[in-house]
Amino acid sequence: MRVKWYLFCTFFAISFLHHAQEADSLVLNFKEYLGYVKKYHPIVKQAQLNIGIGQAELMRSRGGFDPKIEVDYERKKFTGIDYWDRLNATFKIPTWYGIELKANFEQNEGDFINPDESVPADGLYSAGISVSLARGSWINERMATLRKAKFFREQTKADRDVLVNQTLFNASLAYFDWLQAYRESQIYGDFLNNARIRFQGIKQSALVGDIAAIDTVEAKIAVQNRALGLEQAKVKLMKSALELSNFLWLGDNLPVEIQPTMVPDLYVEADIDATLEIQGKPLDSFTLQNHPKLRSLDLKIDGLHVERRLKANKLLPRIDLEYNFLTETPDQIGTFETQEYKGGINFYFPLFLRKERGDLKLAKFKLQEARFEYDNAQLEIRNKVLAIYRELESFETQNGLIAEVVNNYRRLLNAEERKFSFGESSLFLINSRESKLIDSELKQNALQNRFFTTKAMLFRSLAVNPKNL
């Protein structure tokens, strides 16, 4: 009776201490953790910068259509002779389809200017238009650059979602590994407490002569084995906590390290689907059209289409036409007459077109390569998602089976302990049953980690960018 009372008191004290330690711990919620990752992690911030880069590229490409003012002035005076004094100011407005509007003022004076540069004393004004026919009419460098910049801007948004998703996926795996290591340390800690209680009970029984003294050695070995397992689990927990700390940042790029008093949420399973926003996504509702990676590849293909059209357009001859009305008095509309003008035509066409034909072939190959990449990515994503859904269904069955295995091993251990209290069993059998129970609980813990990891893989395969974090 004294032994049983001692065991009861020891067990109560250890259990109270264990719960008191848990009460002093701070739980890091899975959703809260991913919220910090999405808001402060440098890679996520880098992904946001890509959108700014896309906006800047679009702004730069639109600069090709900005109005321009050009002023050329030169003067030469030597040994008292005014050789020339030339002023040429032009205002240009580039527009779509290779059309450019121009306004010009020209004033030339001096003793040695060319005859064709002679203009009225108050200068000569002109207003006109230049048009590119054939090459550059339906598409040109400015138009192609602007269109590709628009596609690139949308592509950066899709790439941002993929990069954020990958970062949150890696962060989720770190959290699940931390949770597994913490549970493993709990398992060894609980069984170490049991082994110590059993050792104290065996020791007391040996002192009163109820059992042989050699049994205390076996009980002591069990305590040492459990202590060894716990120490190894603590090292694993420390390493996983440091891995988790790689994803924890605060404002101003301040890294945060997990403290020993912080613990994971043991009931995270109920929150994973909602946090990763994969809840309510059955297999029959899965569509590929909105997948960020495929959207990015599709926009890349659109940009290559524009590039191919531009290269094909360069197979045409370049014909540039220009016509300008001339007048001395631009403030009088009636002075712009068709018989007073300055115009011209420029024709350019390579005879063999080897450079242009080579560029077009390269553009076609790049476009075909991008299409192959899109088709391959589409198939890979579809098959990966299908496989993950099937794997998750299997994990539901496996979790049920391993729970039954753990429960049965626990029943066997309890039965063996009862038999031992009646003198019908041995400490060796109890330790053997307990080792089997430990192995099964560790296997259950590892299986649960794989289950959570598979959910995270579904999250990555769907490339979800959670909106509620």
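The values are calculated or read from the model by the stated rules, or taken from the named source; none is laboratory data. Because the structure is predicted, anything quoted here is derived from the model rather than measured. Cβ coordinates were reconstructed from backbone atoms using ideal geometry, including for glycine residues, and neighbour counts include every protein chain displayed. Just so you know, the surface numbers come from the protein's heavy atoms only, side chains and all, with ligands and any DNA or RNA stripped out. Shrake-Rupley method; radii C 1.70, N 1.55, O 1.52, S 1.80 Å.
Here are a few things to note about the model shown:
- Among all positions in the range 143-155, there is no residue which is free of Cβ contacts under 8 Å to residues at least 24 places away in the same chain and in a helix (DSSP H, G or I).
- Yes/no for ILE402 being over 19 Å from ASP190 (Cα atoms), at pLDDT below 95, in contact with a helix residue (DSSP H, G or I) (Cβ under 9 Å, 6 or more places away or on another chain) and open to solvent by less than 70 Å² (accessible area, probe 1.4 Å): no
- Of all residues making up the range 22-66, the number that are under 24 Å from TYR182 (Cα atoms), outside any helix (DSSP H, G or I) and either of a type in the set (S, T, N, Q) or open to solvent by 40 Å² or more (accessible area, probe 1.4 Å) (or both): 5
- Top-ranked residue of the range 186-214 - restricted to ones that are open to solvent by 60 Å² or more (accessible area, probe 1.4 Å) and in a helix (DSSP H, G or I), ranked as farthest from LYS443 (Cα to Cα): LEU207
- In the range 288-306, the residues that are part of a helix (DSSP H, G or I) reach residues that are of a type in the set (Lys, Arg) with C-beta atoms within less than 8 angstrom, at least six apart or across chains, in these pairs: ILE301/ARG371; GLY303/ARG147; GLY303/LYS148; LEU304/LYS366; VAL306/ARG147; VAL306/LYS148.
- Here PHE347 meets each of (1) surrounded by fewer than 16 Cβ atoms within 10 Å (Cβ to Cβ); (2) under 30 Å from GLN444 (Cα atoms); (3) in contact with a Lys or Arg (Cβ under 9 Å, 6 or more places away or on another chain) with one exception, condition (2).
- In the range 332-351, the count of residues that are aliphatic (A, V, I, L, M) and assigned to a helix (DSSP H, G or I) is one or more.
- Filter pass, VAL217 being of a type in the set (A, V, I, L, M), under 30 Å from LEU427 (Cα atoms) and either open to solvent by 40 Å² or more (accessible area, probe 1.4 Å) or modelled with pLDDT of 95 or more (or both): yes
- Residues of the range 67-89 classified as in a loop (DSSP other than H, G, I, E, B) and among the β-branched types (Val, Ile, Thr), total: 1
- Among the residues examined, ASN408 does not qualify as among the polar types (S, T, N, Q) and surrounded by 15 or more Cβ atoms within 10 Å (Cβ to Cβ).
- Residue list for the range 441-469, filter: open to solvent by less than 10 Å² (accessible area, probe 1.4 Å), touching a Phe, Trp or Tyr at 6+ places or on another chain (Cβ under 6 Å) and more than 18 Å from VAL37 (Cβ to Cβ): PHE451
- Of everything listed in (1) open to solvent by 30 Å² or more (accessible area, probe 1.4 Å); (2) not in a helix (DSSP H, G or I), the single unmet condition for VAL263 is (1).
- Residues that are surrounded by 12 or more Cβ atoms within 10 Å (Cβ to Cβ) and either of a type in the set (A, V, I, L, M, F, W, C) or more than 26 Å from ASN465 (Cα to Cα) (or both) within the range 236-258 comprise LYS236, LEU237, MET238, LYS239, ALA241, LEU242, LEU244, PHE247, LEU248, TRP249, VAL256, ILE258, listed in sequence order.
- Among the conditions (1) over 30 Å from ASP439 (Cα atoms); (2) under 31 Å from the mean Cα position of the chain (by Cα); (3) open to solvent by 20 Å² or more (accessible area, probe 1.4 Å), the only one that ALA144 does not satisfy is (3).
- Meets criteria (in contact with an Asp or Glu (Cβ under 9 Å, 6 or more places away or on another chain), under 30 Å from TYR348 (Cα atoms), surrounded by 16 or more Cβ atoms within 10 Å (Cβ to Cβ) and free of Cβ contacts under 8 Å to residues at least 40 places away in the same chain) for GLU106: yes
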